[in-house]
């Protein structure tokens with residue numbers, strides 16, 4: 001597209017007088033590629049590419065293994081993905097939030113499941129603490145579960161044991 005020459009100043013009368021544009025110096029007798037229809041062709045190519053991208057993205061995120069990761073996203077991200085899957089069409093405006101939500105879903109998460117009863121037992125063992133010290137101890141407890149894991153892919157889930 002960068003090689004397309006367009007001159008908006010050339011008039012039909014000027015072209016009748018001389019095959020060389022007096023403004024941009026385009027020579028009608030040169031063997032440069034005719035751009036008639038080229039922009040339509042590029043536009044059609046972009047439309048096809050967008051449709052293919054949408055189809056591939058839908059196929060990817062509706063895979064049960066990928067879709068299972070959705071539970072680790074926040075509610076707004078889940079809604080964006082649910083809307084996309086339900087409509088099977090990309091949003092009219094593909095904004096940063098949509099892209100970030102899809103990226104978060106595709107990068108995969110590593111859930112760290114913390115048993116609620118065990119967590120409560122550890123908290124009960126703490127002596128009375130100031131707020132700052134309590135936060136530090138809580139962070140230490142969490143760190144014991146997440147040690148050696150990639151924080152950017154980590155999601156902490158607190159669950160009760162099923163009886």
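Using Stokes-Einstein with the Kirkwood hydrodynamic radius over Cα pairs, what translational diffusion coefficient do you get for the range 111-159 at 10 °C and a viscosity of 1.306 mPa s, in µm²/s rounded to a whole number? The partial results should precede the final answer.
Values: Rh = 11.7 Å.
It comes out at roughly 136 µm²/s.
Provide the convex hull volume over Cα atoms per residue for the chain, in Å³.
222 Å³
Running Debye on the range 46-108 with equal point scatterers at the Cα sites and no solvent, what base-10 log of I(q)/I(0) appears at q = 0.13, 0.24, 0.29 Å⁻¹?
With one equal scatterer per Cα and no solvent, log10 I(q)/I(0) is -0.31, -1.06, -1.48.
Per DSSP helix of 4 or more residues, -39500 (n - 2.57); summed, then divided by the residues of the chain. What does that give at 222 nm, rounded to the nearest 500?
-16000 deg cm²/dmol
Mind checking the angle between helix 96-107 and the chain's longest principal axis? C-alpha axes, 0 to 90 degrees, to the nearest 10.
60 degrees
Each value in this text was obtained by applying a stated rule to the coordinates, not by laboratory testing. Bear in mind that the values here come from a model prediction, so they are computed numbers and not experimental data.
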